[in-house]
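The values are calculated or read from the model by the stated rules, or taken from the named source; none is laboratory data. Quick caveat: nothing in here was measured; it's all calculated off a predicted structure. A quick note on method: Cβ atoms are made from the backbone with ideal geometry, for glycine too, and the neighbour counts reach across all protein chains shown. Heavy atoms of the whole protein, side chains included, go into the accessibility calculation; ligands, DNA and RNA do not. Shrake-Rupley method; radii C 1.70, N 1.55, O 1.52, S 1.80 Å.
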Amino acid sequence: MNVSGLIHLLLFPGLLFAVPAGWFYVWGEHKAVALMQRRIGPPLLQPLYDFVKLLGKRTPSRHGIDADLLRLWPALSVLSMLGALALLPVFPGRGGFSGDAVLLVALLEMPSICFILAGFTTGSMYGEIGAIREAVLSVANNLVFLLSIVTIAVTEDTFRLSDVAGLSHNPGHWIGVFGILLCIPAKLRLNPFSTPSAEQEIYSGPLTEYAGAPLGLWKMAHGLEWVALTGFVSTLVIPAGGPWWLHAIAFVVLSFAQVLLLSMISAATARYTLQSAIRFYFRWAAILAVLVAASAVYMRFRG
Amino acid sequence: MNIFRLIFDNLRRGTVSFPLPHKHECTSGEYRGLIHNDAERCIGCGLCAYVCPSGGIEVTRSGDTYRWSYDPGKCTFCARCIDRCKPGTLTMESKLPPLYGEQGELKQDLDMVRKRPVRPVVAAPAVAAVAPSKVVAETPIEPVENKNPTA
């Protein structure tokens with residue numbers, strides 16, 4: 001029995017840590033946006049209050065919509081994010097689930113797929129438009145995301161997460177980290193890539209028809225996405241070695257710094273049109289593709 | 001990198017909003033706050049309840065007494081009741097309403113005895129009949145003698 005893996009899944013960075021950390025990161029997001037708009041912003045426990053309030057709300061039944069399917073998509077998103085968190089090599093070389101970057105990418109992509117399916121399940125016009133936008137944007141940003149991971153894997157000569165984790169002096173590693181950072185706003189549907197959930201245009205897209213506990217689960221999945229994606233970047237830049245508690249502190253601090261930075265950029269930018277967002281990611285995809293090819297050729301001749 | 005300068009400037013300038021419950025009086029003189037009824041002058045005509053679009057004011061009569069009820073939870077602060085109040089007994093507070101947690105917590109009930117409507121004072125008609133306006137207008141105005149020429 002993999003005790004270390006269970007600890008990763010249930011304690012840190014899994015369920016027990018990730019759920020409160022997700023609310024904390026969502027609070028950081030709202031607070032950063034508020035400060036950019038010169039407001040005080042919400043109190044620390046506001047995301048928890050919102051979640052409890054949503055759990056207590058009665059969800060009206062809608063004719064022609066499968067309520068079980070509506071509940072399934074956010075629940076799947078939460079579970080896949082917990083799985084992704086359990087895979088993160090926060091303490092490299094100290095056990096945990098053994099997985100590679102491909103499995104992590106698949107798990108990180110699940111909320112996006114669930115978001116698309118939720119949009120079509122609701123039967124709402126706004127939900128379907130949001131789902132289509134998410135699908136198109138997902139293709140564009142995943143090209144950069146995958147190429148970034150491939151760049152890191154090629155430069156480190158492995159796809160194993162525990163081996164690619166940690167600080168590296170290889171420029172390919174840093175280019176890959178930068179590429180992943182570029183994709184996080186699109187994966188979290190933050191400005192300027194918030195086209196799938198544009199509140200003013202399509203009323204949050206697939207979430208239009210959501211209320212009560214299922215909406216609360218979506219909010220929780222969003223918090224867990226924050227933890228998983230920023231945590232992934234943190235594991236790639238925190239140097240290996242040193243005590244485990246220092247790793248844990250550095251993991252939280254670096255992740256939260258990313259939350260603040262990305263939220264402030266989100267507040268300071270306007271929403272891209274779908275075409276502009278796709279153009280942005282394809283431009284970076286082209287750059288990364290050249291760098292991956294160059295890295296592969298370099299690795300071939302070196303070794 | 002204009003975006004980072006924008007972020008830095010916004011952080012440096014600080015916040016302009018107040019935490020709740022606030023200690024600052026942040027309303028202007030024309031702020032539409034809670035409605036206050038002067039029970040001494042209210043005649044119980046019920047016009048305020050009649051024109052209230054949201055049902056925030058209710059007047060229930062029983063004989064010579066009546067109850068004037070005001071629920072700020074229903075009030076839209078449109079001030080139509082203020083405009084229609086003939087004796088001018090209704091006024092609006094210019095400060096923020098207090099925070100409340102229970103529905104109907106700020107509701108007010110005033111039990112009053114119904115009074116006869118106060119009619120505005122009309123000028124004595126006899127004077128107008130004897131001295132028509134035309135005659136009054138043509139009467140020359142005597143200049144006021146200046147008793148203090150040095151001033």
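A Gaussian network model of chain A, with springs between Cα atoms under 10 Å, assigns the largest mean-square fluctuation among A:215, A:236, A:44 to A:44. Between chain A and chain B, the total buried accessible area stands at approximately 1100 Å², from heavy atoms with a 1.4 Å probe.
Only one residue of A:221, A:37, A:51 has its Cα farthest out toward the positive end of the dipole of region A:3-302, where Lys and Arg carry +1 and Asp and Glu -1 on Cβ, and that residue is A:37. Note on surface exposure: A:164, A:297 rank A:297, A:164 by accessible area, highest first, 1.4 Å probe. When the protein assembly as shown is described by a simple charge dipole with +1 on each Lys and Arg Cβ and -1 on each Asp and Glu Cβ, the residue from A:169, A:125, B:56 located farthest towards its positive end is B:56. When the charge dipole of region A:3-302 is built from unit charges on Cβ atoms (+1 for Lys and Arg, -1 for Asp and Glu) and taken about the Cα centre, the candidate among A:111, A:294, A:243 whose Cα reaches farthest toward its positive end is A:243. What the Cα atoms of region A:214-284 give is an Rg and a Dmax of 15.7, 47 Å. Each 10 Å bin from zero up to the one holding the largest Cα-Cα distance in the protein assembly as shown carries the following percent of pairs: 4, 15, 20, 18, 13, 9, 7, 6, 4, 3, 2, 0, 0. Counting Cβ atoms of other protein chains within 10 Å of each Cβ in A:68-74 and taking the mean gives 0. Select from A:85, A:72, A:229 the residue whose mean-square fluctuation is largest in a Gaussian network model of chain A (Cα-Cα springs shorter than 10 Å). Among A:85, A:72, A:229, the largest GNM mean-square fluctuation belongs to A:72.
Can you give the FRET efficiency to the nearest 0.05 for residue B:83 and residue B:105, using r as the Cβ-Cβ distance and R₀ = 45 Å?
Step by step, r from the Cβ atoms, then E = 0.95.
Taking the helices alone, the protein assembly as shown has a mean residue ellipticity at 222 nm of -18500 deg cm²/dmol, built from -39,500 (n - 2.57) per DSSP H run of at least 4 residues and averaged over all its residues. For the protein assembly as shown, a crude dipole built from +1 on the beta carbon of Lys and Arg and -1 on the beta carbon of Asp and Glu, taken about the Cα centre, is about 440 debye to the nearest 20. The residues of the protein assembly as shown have, on average, 56 Å² of accessible surface per residue, using a 1.4 Å probe with all protein chains present. Measuring between their Cα centroids, region A:215-233 and region A:19-62 lie 13 Å from each other. Each part reduced to its alpha carbon centroid, region A:237-252 and region A:260-300 end up 28 Å apart. Taken about its Cα centre, region A:1-114 carries a charge dipole of about 540 debye when Lys and Arg each add +1 at the Cβ and Asp and Glu each add -1 at the Cβ. With respect to chain A, whose longest principal axis is taken over its alpha-carbon atoms, helix A:15-36 is tilted by about 80°.
Suppose we compare each residue of region A:259-274 in its chain alone and in the full protein complex with a 1.4 Å probe; which ones drop by at least 10 Å² of accessible area? Buried-area filter returns A:261, A:264, A:265, A:268, A:269. Test of understanding: extend the Cα→C-beta vector of residue A:167 to 7 Å, then name every residue of region A:250-284 with backbone N under 19 Å from that spot. In region A:250-284, the label zone of residue A:167 (backbone N under 19 Å from the point 7 Å along Cα→Cβ) covers A:250-258.
Take each peptide in A:147-153, A:20-26, A:255-261, count the other Cβ atoms within 10 Å of every residue, and average; sorted highest first, the result is A:147-153, A:20-26, A:255-261. Site pair residue A:67 and residue A:299 shows an inter-label distance of 5.1 nm when each label is modelled 7 Å from Cα along Cα→Cβ. The GNM of chain A, with springs linking C-alpha atoms under 10 angstrom apart, assigns the highest mean-square fluctuation among A:116, A:180, A:40 to A:40.
A 1.4 Å probe, protein heavy atoms only, puts the accessible area of residue B:27 near 30 Å². Modelled label positions at residue B:65 and residue A:279, each set 7 Å beyond Cα in the direction of Cβ, lie 7.6 nm from each other.
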